[in-house]
1. Of the DSSP beta bridges with both residues in the protein assembly as shown, give the percent that are antiparallel, rounding to the nearest 5.
2. What spacing in nm lies between the two simple spin-label points modelled at residue B:35 and residue B:128, each 7 Å away from Cα in the Cβ direction?
3. On full extension of the chain, what length is gained from residue B:2 through residue B:211, given 0.36 nm per residue of separation minus the C-alpha to C-alpha distance?
4. Cα extents of region B:123-178 along the three principal axes, largest first, in whole Å?
5. Extension gain residue B:237-residue B:160, at 0.36 nm per residue separation less the Cα-Cα distance, in nm?
6. If I take all pairs of Cα atoms in region B:362-452, what percentage of them are more than 20 Å from each other?
7. Can you give the direction-averaged projected area of the convex hull of the alpha-carbon atoms in region A:2-87, in nm²?
8. Rounded to two decimals, what ratio of Rg to Rh does region B:225-294 give with C-alpha atoms and a Kirkwood Rh?
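Read-outs throughout are calculated quantities, based only on the coordinates presented, and are distinct from any laboratory measurement. Predicted model, so just to flag it, every value in this text is computed and none were measured. FYI the Cβ positions are ideal-geometry reconstructions off the backbone, even for glycines, and counts take in every protein chain you see.
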C-alpha cells in the first residue's frame with residue numbers, strides 16, 4: 001500500500017531529515033517528495049511505500065505525529081487512494 | 001505522480017471546511033429473530049446485533065485513520081420492530097426498545113434506527129402495539145430511533161395513522177419533558193419512506209434488503225459553500241457546475257471508505273446517500289450555501305429556487321461518483337442542526353410556511369423544528385398531513401420531525417445538545433384543524449400513481 005504523508009508548519013532546518021529518519025527506521029520507502037512554501041507555511045508532501053513496513057499503520061501514524069510535535073509541525077498520513085479517487089473520473 | 005494541488009485541497013476540505021462522512025450505517029435484518037415468546041425473540045435480537053456489528057466501530061475507526069477523513073457517526077438500522085414483535089403475544093414493545101438500546105451500547109454505536117412501523121395503508125396488530133409503545137420506548141432509551149411511515153404515493157395517506165401520530169408526538173414530548181422533549185427528536189413520521197436510508201431518526205432496514213449491508217451518508221455543506229465563494233457573481237450555470245464537481249469529490253471519498261469497510265467486514269455495500277447534512281457548527285450549514293448564492297438571509301424570496309438548484313446539482317454530481325445511490329439523497333434542511341437556519345429563524349427570515357415550501361424541492365421535510373409545547377395534537381397531525389400530501393403527490397419522500405417542547409413557547413429555545421443542536425421555538429398557525437383531522441379514513445392515492 002502507498003500512502004501520502006503531508007507535513008505542514010513553519011519552515012525550519014532539518015524537517016526532511018527528521019521525518020525521513022522515522023520512515024527509514026520502520027522500513028518505509030520514500031517514492032517521491034514535493035515541497036512548497038504557501039503563505040509562509042512550509043508544506044511537504046511525500047509519497048511512501050508501506051509494503052515492507054514492520055509496524056502497524058496506526059503505530060507509524062503515532063510516531064510521525066510525535067516527531068511532528070517535537071518541531072511544531074502537523075503531520076498526516078493517508079492512504080494514497082483517497083486522492084486518486086476524489087480527483088479522477 | 002503526486003498532484004500537490006489535490007493533496008492540499010483535500011486536506012483543506014477536512015481541516016477548514018469540515019468535510020467528513022456523516023455516517024456509516026449497518027443494516028441488519030432481524031426477520032430470523034421472530035419468536036412466539038417475546039423474551040426469546042429479544043435474546044435473538046441482542047445476539048444477532050452484537051454478533052453482526054461486533055467489529056463495526058473498530059473497523060470504521062481503522063479506515064478513518066488510514067484515509068484521514070473523519071466518520072462522525074456509526075449507526076445500525078434494523079428491520080421494523082413491528083414486524084418482529086407481532087410474532088409474539090406481547091402487548092407492549094418497550095422491552096424490545098430496551099434490548100435494542102443495550103445492543104447499541106454494547107457495540108459502541110451512536111444511534112440505532114428501526115423501532116418502526118409501516119402503516120401507509122393500514123395497521124396490523126403489531127403496528128398498533130409498536131406505535132403505542134413509542135412514547136415510553138423513546139423516554140427509557142438513549143440510542144433508539146423510531147419512525148412511522150403513514151403515507152405513500154401508491155397507497156395514499158392513512159389519516160387514522162396521521163391522527164394517532166399527533167397524539168404519540170405529544171405523549172413523547174411529555175414523557176421526555178425534562179430534556180426539552182428530546183424524545184421527539186428521535187421520532188420521525190414519513191411519507192414514501194425509503195428502505196435503505198442511513199440517516200437518523202428515519203433509518204430502518206427494509207424487508208427487500210440484504211441480510212446485512214453497509215450504507216453511507218456523506219456530509220460536506222462547508223465544502224460546497226467554500227467552492228461557491230470562489231464563483232461569486234457568476235451565473236447559475238457556473239454555480240450548478242461547481243456544486244456538481246464538489247459533490248462528485250465528496251461522494252467518491254465516501255464510497256471509497258465504505259467499500260474498504262465493507263471488504264474488511266465481509267458485509268456488502270448497500271448504497272451511498274448523497275444528502276448534504278449540516279451540523280450546528282459554524283461553517284457546516286446548508287442555509288449558508290443558499291445565502292452564498294445571493295440571498296441576504298435564508299428564508300427570503302428565492303430560497304426555494306436556490307435549494308432546488310442545490311439539491312439537483314448534488315444529485316447529479318453524486319450519481320456520477322457512486323455505483324449505487326439511494327437513501328434520501330438531497331439537501332437536508334433541519335432547523336436545530338443548522339447554524340444558518342437557527343439564525344434565519346431568530347431574525348424572522350424563516351418560518352414554518354417557508355420551510356414547508358422548501359420541502360417540495362429537497363429530500364426530507366419539516367425536520368427538527370421546535371414548536372410551542374401547547375400545540376394541539378390535531379395541529380401536529382394536520383402539519384403531518386400537509387407534508388405527506390407534498391410527498392405523495394410529488395412522488396418523493398417527505399418527513400416530519402416536530403418537537404412540541406413541553407412547557408416552552410414562542411421566544412424560547414430548546415437545547416438538545418451535540419449533533420441535534422438547539423432550536424428556537426417557531427409559531428404554528430393559531431386556527432384549528434380539529435374537525436379536519438377527526439374525519440379519519442384514508443386520502444386516496446393520486447391518479448398518477450397508477451402507472452401499470
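1. Working: 42 of 76 bridges.
So the antiparallel bridges in the protein assembly as shown amount to around 55 percent.
2. 2.6
3. Numbers: separation 209, 0.36 × 209 = 75.24 nm, distance 4.05 nm.
Taking 0.36 nm per residue and subtracting the Cα distance, the gain is 71.2 nm.
4. Over region B:123-178, Cα extents along the principal axes are 39, 18, 18 Å.
5. On the way: separation 77, 0.36 × 77 = 27.72 nm, distance 4.54 nm.
Here the answer is 23.2 nm.
6. On the way: 1906 of 4095 pairs.
In whole percent, the share of Cα-Cα pairs in region B:362-452 beyond 20 Å is 47.
7. Values: hull surface 22.2 nm².
The number I arrive at for region A:2-87 is 5.6 nm².
8. Details: Rg = 15.3 Å, Rh = 14.0 Å.
My calculation of the ratio gives 1.09.
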